[in-house]
1. From the list Thr425, Thr380, which residue is among the hydroxyl-bearing types (Ser, Thr, Tyr), open to solvent by less than 90 Å² (accessible area, probe 1.4 Å) and closer than 25 Å to Val300 by Cβ?
2. Would you confirm whether any residue within the range 254-269 is outside any helix (DSSP H, G or I), of a type outside the set (Val, Ile, Thr), in contact with a helix residue (DSSP H, G or I) (Cβ under 7 Å, 6 or more places away or on another chain) and modelled with pLDDT of 95 or more?
3. From the list Val412, Val385, pick out the single residue that is in a helix (DSSP H, G or I) and at pLDDT below 95.
4. Considering each residue of the range 384-437, count those that are touching a residue at least 40 places away in the same chain (Cβ under 8 Å), over 20 Å from Pro114 (Cβ atoms) and of a type in the set (Ser, Thr, Tyr), and give that number.
5. Here are the criteria: (1) exposed (fewer than 14 other Cβ atoms within 10 Å of the Cβ); (2) more than 30 Å from Ile102 (Cβ to Cβ). Tell me which single one Ser372 does not satisfy.
6. Might you check whether a residue that is in contact (Cβ under 8 Å) with a residue 40 or more places away in the chain and either open to solvent by 20 Å² or more (accessible area, probe 1.4 Å) or under 27 Å from the mean Cα position of the chain (by Cα) (or both) occurs anywhere in the range 459-467?
7. Under 6 Å by Cβ, and 6 or more places apart or on different chains, what pairs join a residue from the range 302-314 that is free of Cβ contacts under 8 Å to residues at least 24 places away in the same chain with one that is assigned to a helix (DSSP H, G or I)?
8. Could you tell me which of the residues Leu99, Leu124 is modelled with pLDDT of 95 or more and buried (at least 23 other Cβ atoms within 10 Å of the Cβ)?
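The values are calculated or read from the model by the stated rules, or taken from the named source; none is laboratory data. As the structure is a prediction and not an experimental result, all values here were calculated from the model. Using ideal geometry, Cβ is built from the backbone for each residue, glycine included, and neighbour counts are taken over all protein chains shown. In case anyone asks, the SASA skips ligands and DNA or RNA and just uses the protein heavy atoms, side chains included. Shrake-Rupley method; radii C 1.70, N 1.55, O 1.52, S 1.80 Å.
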Amino acid sequence: MNNFFDLTPWEERFSYQKYLRKTESGFASSFSQDRARIIHSASFRRLQAKTQVLGLGDSDFYRTRLTHSMEVAQIGSGISESLRNKYNNTPLEQWIPSLHLIEAICLAHDIGHPAFGHGGEIALNYCMQSYGGYEGNGQTLRIVSKLGEFNEEYGLDLTRRTILGLIKYPAVYQTVFNSDFNKIQDASDSLNLDAYKPPKCIHQEENKILEWALKPFKLGDIERYLSISKCEHSLNKNLSNASDIKHYKTLYKSFDTSIMELADDIAYGIHDLEDAVALKLITKDIWNDDKIFEKNSKSVHDILKDNLDDRAFNILKLTSAEELRDLLFKGEKNSRKHAISKLVRLLVQNISIEEDKQFEHPLLSYQARLPSNIKNILNTLKDFVFKIVVKSPEVQLLEYKGQKIVLELFKVLQANPERLLPKNTYALYLESSNPNREICDYIAGMTDNYATKMYQKLFMPSVGSIFDKL
């Protein structure tokens, strides 16, 4: 299993431990079969009705979790193609993920996130604080390894390498949860959801799939990969303020995960920027405003100007940051789309592979990276979208409303499981060693619209009939 050049273990599925391996026909590779299982899964389809950044509404323009995931997959395959061209005929080439593999990882990366974006995730973690917590990336692993409909016991039963690529944070909840948060929760008289952001992790129930995914690695690689950062954080005198307390963090990711995360960051920072510009949430004046970032007296335009070098302008096929800005804010959808495409190309073509020699195995030692100046540009655009769009009162109002829906649904389902849970979910509830996890799974799988309608049927007297369908 420790032969680096033996790729067979990476195409194995968890079910192979129980069943004899059968020849799979009709697919170009095991990874193309993974991709097909993800695309045809209910969890993937539901992403079309889950919030990405802007709340779902009457407009069909802005992005949902589904369109975001499709864009991440396209960018991820673009990164793999670019890397294959850069490292053609080198030892690195065989470890660059195939297009089917990286697309499978990217398409599935968000299927565990609940309705109402990260607000819904925080609300579910609050509800699950005494039952093992909730984290969207951890739920993704839970869906592909257990809840997916392909196999009753093994979920979507994906290959080991696809599973490894989906594990963004290789630590269970209890390992990275900072107990100082309990002091905030105990001292708080009112619900402050900012204090309930989950640690980045997997759930305890999926620890076996994590152990299985790591079997081909040597013990030293496994121990380092699983290591976490435990920085000390002091409590504020005001215990209701969680700003100075952080959960512990994982430190390492696999090679494929590093590609997927860059694709995800690019899609978030660039494509969500496009939505915001089109909806006039971000204007040319805001782009030029040097008071946007509290820690930096420079505007977005100035930061890009400082970090764009000759190679960058050559990739952009532009001569200045002003030209890029004018193209983005020209007011025409074609020019805006061209500016967005140029920014994506700039980021993708600057990605290279670095080696972390702390690890022996190529799937852990190789990492996809951006040079510092281009990384500054991406981080600036991500921070910009977060500050102007995500933290806007309009979006926060929708997020708060979604959190309220999730909290109330969990509360009433927890109190009335036999009466209100679907029969198949209630059967799982009765058999489970952690029944509240089954309630959490049920709510986490809801779309924004389904959760809203269920809330209305439960709490609005004028809404609801036995003939209504959610």
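1. Details: Thr425 fails: closer than 25 Å to Val300 by Cβ.
Within the list Thr425, Thr380, the selection yields Thr380.
2. Yes, some residue in the range 254-269 is outside any helix (DSSP H, G or I), of a type outside the set (Val, Ile, Thr), in contact with a helix residue (DSSP H, G or I) (Cβ under 7 Å, 6 or more places away or on another chain) and modelled with pLDDT of 95 or more.
3. Numbers: Val412 fails: at pLDDT below 95.
Exactly one residue qualifies, and that residue is Val385.
4. Total satisfying the criteria: 1.
5. Unmet for Ser372, out of (1) exposed (fewer than 14 other Cβ atoms within 10 Å of the Cβ); (2) more than 30 Å from Ile102 (Cβ to Cβ): (2).
6. Yes, that holds for at least one residue.
7. Lys305/Ala321
8. Numbers: Leu99 fails: buried (at least 23 other Cβ atoms within 10 Å of the Cβ).
Only one candidate passes the filter, namely Leu124.
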